[in-house]
Structures are given as structure tokens and as C-alpha cells.
Amino acid sequence: MLTGEQVRSQSLMSIDYGTHATKIAFIGKSGRAQPVTHDDGRTSIPTAIYFDSKGKYYVGAEALNMGVLDPQNLIQNAKRLMGSDKILYADNNGKEWHAHEIAQICMELAKAATEKETGLIHRYAVVSVPANYTDKQKEDTIKAAKQAGFEEVDLIHEPTAAMFAYCANTERTVPDGIRLVCDVGGGTTDVSQVTKSGNRFEVIATNGVSKLGGMDFTKVIVDEVITRFESKTGQKISHESHPEVYADLWRRAEESKFRLNRSESVKIPVVTDDHKELVAFSQDDMRHVCATLLEQIIACLKKTLDDAQISLDDVIELIPIGGGSQLFCVLEALEKFYGKPLAKGDALHCVSLGAALKGWESKGHVQVDEGTILPSRGLLLRDVTAHALGLRALNAQGKEVFTTVLAKSVPMPSKITKEFMLSEEGVTDAVVEILQGEKGQDVDTCLSLGSFELTGLEPRYGEPHRIMVEFNIDTNGLLTATAFDPIGGQSADLQLHYNKSGQPSLEGENE
Ligand SMILES: Nc1ncnc2c1ncn2[C@@H]1O[C@H](COP(=O)(O)OP(=O)(O)OP(=O)(O)O)[C@@H](O)[C@H]1O
Ligand SMILES: [Mg+2]
């Protein structure tokens, strides 16, 4: 129970809302970021929610236990669907649950656990997000945190946070130079390339693969074991046909990843009503079934080096972060790619620790107990955008193209204005569709972030009708866009209507 004095004291905390587990941190009295320890002694909460038949929900380890006998009512990996409108679960009270509401429940628990540990009220949270999250995914993350009770929320890219903690949350002297951080989590993989120069930390490039993490390594084991079981017994197993057998196999495959880090081979039991089999699975099998996943991780590292136009020889450390990076074959692949021994960080907590440090630096101070406020350490962290943002437009040949307005890897915050011409004469309104992609990407494969309409334009004939489009990216990487007619004065701000595509009607001047 908090005292009246404590209720008045406020501070910041951080949340690494993970696909697999949620890690939280705060700034301790020692002036270091530290993880929150939960009642069960753990420093992470499984990101899982179980709903009972009365519609009551349970979070974390308790949810996982209850879900063993009833996997259909257990929700896991909800982070992968952040930003989508998909209904993940309908409970018995008629409530439909979306990914951001699952996140909200986890963040409420994180807030309560931190306040219990620190005796302070935490109204400001820095929440980490995958580097390549879209605008909508970032907005949903902020929404979840606000609904969980935080009044102020900032975001930080996960690999950037990890590198910040690796360099700045330690007693040891960390040399200046360029580092690569590779965060293979439970469901996402992110890479940041960062330069440290004294107290300045500047991200040069960042990339991510949104659906690649520890759960994908578990899945390839599950798939392979099911194939072998079927070839021995003739029985087919799937998530739909045998939900409990599948859930049990998933848990065993998950454990097997840890055992394979130490043993050359493991045996995985598969038990159905008709058959019992022990399926042998070796380290070589693992290397074989996850070859494509490993290639994707290495491709992400190479792309980040290319984006930054930096050679691997200039990288002084490659730091594997995130639980998924600790799998023996991921470490092998990373070391082979780097050609030198890998650095060792706190793979599980680095992200939440770095996010707490960012909060401290952003505010310029932090309250660590009722009477103590620590001033900022004067660290400067500058991150960059993970995507190019632009418009659907027509090029000189009349072909629809993705026209970049804000390039990839620009510092956040950034603002840019670009001029376009309407493609037809006498037009009174124009629809601007905002796209996210890579420079030169086929327009139809870019992600449509939404569209907005500029109306009431004065029709113009015999002269180009110029329209200015301004993109503004804030420190959290969120986009605000404005279009205006510099002569007529009409303007429109971006009201994102996600997944709705507008009619292209602008012509890119520079294409
Ligand atoms: N020592 C280990 N060896 C192999 N796999 C591991 C190890 N430790 C953790 N993992 C795997 O790492 C994953 C969880 O990692 P982590 O907690 O970093 O993910 P997360 O932060 O929840 O996910 P994300 O960052 O993708 O949202 C799980 O798939 C787990 O099986
Ligand atoms: Mg993570």
C-alpha cells in the first residue's frame, strides 16, 4: 500500500512489451537502470492472457499454466498483430479483444509491479517497439500504454535501446566506435547500427524483419516433428485437429531449443489417443530446418550495413540481443558472418534498461525515491527512421510510382516539404495517398498508410497546378502530413484511414 507521500512522488519506467515476454525497468537509486523483479522472482512476465469461462482474465505465468489444459482460451504472441483490426478473442461477456487491448492488460500489470517495487507512481513510460513498426503499430502501442494509465508515453526502437544500455548502463569503460546490435526476440528481429562518440549515440541505420523470432524457430521444430510422426504412424496432427496435442508439442519444442544449446540431440515425445512416439531431433536437424530463418537474419544485417554504407571491418562489436539470438545456431550464424567473437550483453533486459535510460535523458532528470532526484547524465541519443515515406504519384511517363518525400535513415525528428504538380487541368480536389516503402520499390507492394483529400481547389488551366506536401516525423517516429496549395491557400492535414487506399492524382515533379 502506498503512503500519501509516495502517492505524490512520480517517476518514469520503461516497458519492453515483447512477443514472448514483457520486461520492465526503472532507474534505481544507484543511477543505473534496473529490471523489476516480480512476486515469483522472475524479471519478465510471459506475454500471455488466459480467459476463463466467466470472461475473467489471467495474465503472465498464471495464464500460461491455466492454458495448458485449455489452449483455445489462451492468447499469446498478440504483439505480432499490433496495428491490425483483427479480433483475437471474443470472451463470454461479449467483449471482443484486439492486439492493443492485450498489450494494455500487460502494461497495466507492468505499471502495478513497478509501483510496488519502487513505491513511486509512474505516470511516464518509455515503451520499446520494433525498429520497423509502422505508424499505426506505433500509435496502437501509445494507445495501449495510455489506456494502461500512463499520462505521457515515448517510444524507442528496440535495438537502439539495447545498444544504449550496453554502452551506458555499465561501470566498464566502453570504447567509441561503430557497433551492430542484432535483436532476435520472440517474434521480431531488428538490427541497428550505432556510432558512439563520447556521450553521443547516433543510429546510422536500422532495419527489421517483423515476423522472425524465437517462435519461428519453435515452429520449424514443431513442423518437422509432426512430419516425422506422420511418416511413422500415418496420423496427421494440426493445431485445428488436435489443439491440446499441438499445444503440448509446442511447449516441448520450446524446451528443446534450450536443450539443443547444450546437447547434440534431444528426443521429443508426441502422444495422441492412438500413438506414442519419441521423435529424435539433433543440432544438425535444427541447422537444416532453420536455414532460411538464419539467412533472413544475416540479410537484415547486410542490408543495415549497406544502408549505412559501412564495411563490416569498421564494426567494432556485434552484439546479439534478445532471447532468440541465444539459440546455438543463431549465435553460430552471427559469429560466422562477423568473423570475430561476438560481444556479450544482457540479452534479455538490455532493451528495457535502455528504454529507461532514454526516459531519464529525455526528461533531464529522474526521481528515484521520495526525496531524491538525479540530474541527467548528459547523454545524447539520436535515432533514425526505418522506412522511406512518400506518395503514390505519376512519373513523367505517366506510370504510377512510389515517390519518396522523407528518405529512410533520416534523424527523428525531421521535417521536409516537397512540391508536386496535379496531373490534370481544372482539378478542384486531389487525393493524396501516403505510402511506406523502400526507394524504388514497386508502388503496389508498398504499404498504404492512408490517404487524405485536398478539396475546394481553384481550377487552373494552361499552367501547372502546384501542391506542396509536408511530412513531419516526431521523436517517436510518428508521421503528420499536410498538403497545401501555395497560391490558393487550401490545406489538409493527414487523417489516416488505415488500409483505405485513395485514388492517385498527383504527379511527382522529380520522378
Ligand atoms: N537461451 C536460449 N536459447 C534459445 N532460445 C531462447 C533462449 N532464451 C530465450 N529464447 C527464446 O527467445 C524468445 C524470447 O526472447 P525475448 O524475450 O527476447 O523475446 P520478446 O522480447 O518477447 O520478443 P520480441 O522482441 O520479438 O517482441 C523465445 O522464443 C525463447 O524461446
Ligand atoms: Mg524483445
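Points to keep in mind about this one:
- Lone qualifier among Asp223, Asp183, Asp216 - being under 21 Å from Gln283 (Cβ atoms), within 16 Å of ligand 2 (Cβ to nearest atom) and among the charged types (D, E, K, R): Asp216
- Residue match in region 61-69 (condition: outside any strand (DSSP E or B) and within 16 Å of ligand 2 (Cβ to nearest atom)): no
- Where a residue in region 123-136 is in the same structural domain as Thr189 (by TED's automatic domain parsing) and in contact (Cβ under 8 Å) with a residue 24 or more places away in the chain and its partner, wherever it lies, is within 16 Å of ligand 2 (Cβ to nearest atom) and of a type in the set (Lys, Arg), with Cβ under 7 Å and at least six apart: Val126/Lys358; Val129/Lys138
- Checked against the criterion of being of a type outside the set (Asp, Glu), more than 16 Å from ligand 1 (Cβ to nearest atom) and assigned to a loop (DSSP other than H, G, I, E, B), region 283-301 contains not a single residue that satisfies it.
- Identity of the residue in region 313-323, near ligand 1 (Cβ under 9 Å from one of its atoms) and outside any strand (DSSP E or B), that ends up surrounded by the most Cβ atoms within 10 Å (Cβ to Cβ): Gly322
- Strands (runs of 3 or more DSSP E) (entirely within region 105-190) containing at least 3 residues that are within 12 Å of the chain's Cα centre (by Cα): 121-129, 152-157
- Matching residues, region 90-104, being among the small types (Gly, Ala, Ser) and in a strand (DSSP E or B): Ala90
- Annotation: of all residues in region 17-34 being more than 24 Å from Arg80 (Cα to Cα) and touching a strand residue (DSSP E or B) at 6+ places or on another chain (Cβ under 8 Å), the one that is nearest to ligand 2 (Cβ to nearest atom) is Ala33.
- Filter result for the condition that a residue is crowded, with 20+ Cβ neighbours inside 10 Å and more than 16 Å from ligand 1 (Cβ to nearest atom), over Thr160, Thr173, Thr188, Thr114: Thr114
- Which listed residue, of Leu64, Leu69, is away from ligand 1 (no atom under 16 Å from the Cβ), more than 20 Å from the chain's Cα centre (by Cα) and assigned by TED's automatic domain parsing to the domain that holds Lys143: Leu69
- Of all the listed residues (Thr19, Thr47), the sole one being surrounded by 22 or more Cβ atoms within 10 Å (Cβ to Cβ) and touching a Cys at 6+ places or on another chain (Cβ under 8 Å) is Thr47.
- Within region 214-261, the set of residues being of a type outside the set (A, V, I, L, M), farther than 24 Å from Arg80 by Cα and in a helix (DSSP H, G or I) comprises Thr227, Arg228, Phe229, Glu230, Ser231, Lys232, Thr233, Arg259.
- Pair list, Cβ < 6 Å and 6+ apart or interchain, from region 16-32 residues that are outside the structural domain of Asn77 (by TED's automatic domain parsing) to residues that are more than 7 Å from ligand 1 (Cβ to nearest atom): none
- When Lys23 is tested against the conditions (1) at pLDDT below 95; (2) within 30 Å of Trp360 (Cβ to Cβ); (3) not hydrophobic (A, V, I, L, M, F, W, C), the lone failure is (1).
- Pairs with Cβ under 7 Å, 6+ apart, first in region 158-170 and touching a residue at least 12 places away in the same chain (Cβ under 8 Å), second of a type in the set (Asp, Glu) and away from ligand 1 (no atom under 15 Å from the Cβ): Thr160/Asp383
Table: residues versus (1) at positive phi; (2) touching a residue at least 60 places away in the same chain (Cβ under 8 Å); (3) crowded, with 16+ Cβ neighbours inside 10 Å; (4) within 13 Å of ligand 1 (Cβ to nearest atom).
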| site | (1), (2), (3), (4) |
| --- | --- |
| Ser325 | no, yes, yes, yes |
| Phe337 | no, no, yes, no |
| Leu342 | no, no, yes, no |
| Ser352 | no, yes, yes, yes |
| Lys363 | no, yes, yes, no |
| Leu379 | no, yes, yes, no |
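- Test result for Val36, of a type outside the set (S, T, N, Q), more than 15 Å from ligand 1 (Cβ to nearest atom) and touching a residue at least 12 places away in the same chain (Cβ under 8 Å): no
- Applying a threshold of 7 Å to beta carbon distances and a minimum spacing of six or more residues, or different chains, the list of pairs starting in region 225-252 at a residue that is within 11 Å of Val271 (Cα to Cα) and ending at one that is of a type in the set (Gly, Ala, Ser) and surrounded by 14 or more Cβ atoms within 10 Å (Cβ to Cβ) is empty.
The values are calculated or read from the model by the stated rules, or taken from the named source; none is laboratory data. Treat the numbers as computed from the prediction; the structure is a model and nothing was measured. In this analysis, Cβ positions are derived from the backbone assuming ideal geometry, glycine residues included, and neighbour counts consider all displayed protein chains.
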